[in-house]
Amino acid sequence: MNETYEQIIEFIWQQREIEFVYKDKPYAFLSSKDGFIFVCENKTQGPVFEKYDQMVNESEIDGRTFLELFKNGEIIITAVM
């Protein structure tokens, strides 16, 4: 997949599930019955969030946010559902 930054922002606004790879590890932003969760290698990372955009903005990988890593070309989007 070859998404632009604007497309990623649209996916976030739509609360779409996003799967991606960073440093050969699979990550995902997913919805659950209790809210939204950030996972790495199928393990929840951090709390369950009430708001999708809060999850995306507050979840960090190596001290940086998803959008920062995406802007720098360090993330490979593998699926958007």
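Percent relative contact order of the chain, based on C-alpha pairs within less than 8 angstrom and at least six residues apart? All intermediate terms of the calculation are to be shown ahead of the outcome.
Details: 120 pairs, mean separation 27.1, N = 81.
This gives 34 percent for the chain.
Be a star and scan the stretch 12-28 for residues whose amide nitrogen sits under 15 Å from the point 7 Å along the Cα-to-Cβ vector of GLU41. Within reach of a label on GLU41: 21-28.
Around the Cα centre of the chain, unit charges on the Cβ atoms of Lys, Arg, Asp and Glu (plus for the first two, minus for the last two) sum to a dipole of about 140 debye.
A simple count of charges around VAL80, restricted to other residues whose Cβ falls under 14 Å of its Cβ and scoring Lys, Arg +1 and Asp, Glu -1, yields -4. Here the simple spin-label model places points 7 Å from the Cα toward Cβ, and for LYS25 and ASN72 these points are separated by 1.5 nm. Accessible area per residue (1.4 Å probe, heavy atoms of protein chains only) ranks GLU58, GLU10 as GLU58, GLU10, with the largest value leading. Loop-only check: which trypsin sites (Lys or Arg not before Pro) in the stretch 39-81 are DSSP coil with at most 12 other Cβ within 10 angstrom? Of the trypsin sites (Lys or Arg not before Pro), the ones in loops of the stretch 39-81 whose Cβ has at most 12 other Cβ atoms within 10 Å are LYS51. Amide H to amide H, with H built 1.01 Å from N, GLN45 comes under 5 Å of PHE38, VAL39, CYS40, counting only residues 5 or more places away or on other chains. Accessible surface calculations at 1.4 Å, restricted to protein heavy atoms, place the chain at 63 Å² per residue. In the chain, the portion of solvent-accessible area held by carbon and sulfur atoms comes to 46 percent [1.4 Å probe, whole percent, DNA, RNA and ligands not counted].
Shown here is the pair-distance distribution of the chain: with all Cα-Cα distances grouped in 10 Å bins from zero up to the longest one, the shares run 18, 61, 21, 0 percent.
Extension gain for the segment VAL48 to SER32, taken as residue separation times 0.36 nm less the Cα-Cα distance, is 4.9 nm to one decimal.
The values are calculated or read from the model by the stated rules, or taken from the named source; none is laboratory data. Here the structure is a predicted model, which means the values were calculated and not measured. All Cβ positions, glycine included, derive from the backbone under ideal geometry; neighbour counts span all protein chains shown. These area figures cover heavy atoms from the full protein model, side chains too; ligands, DNA and RNA do not enter into them. Shrake-Rupley method; radii C 1.70, N 1.55, O 1.52, S 1.80 Å.
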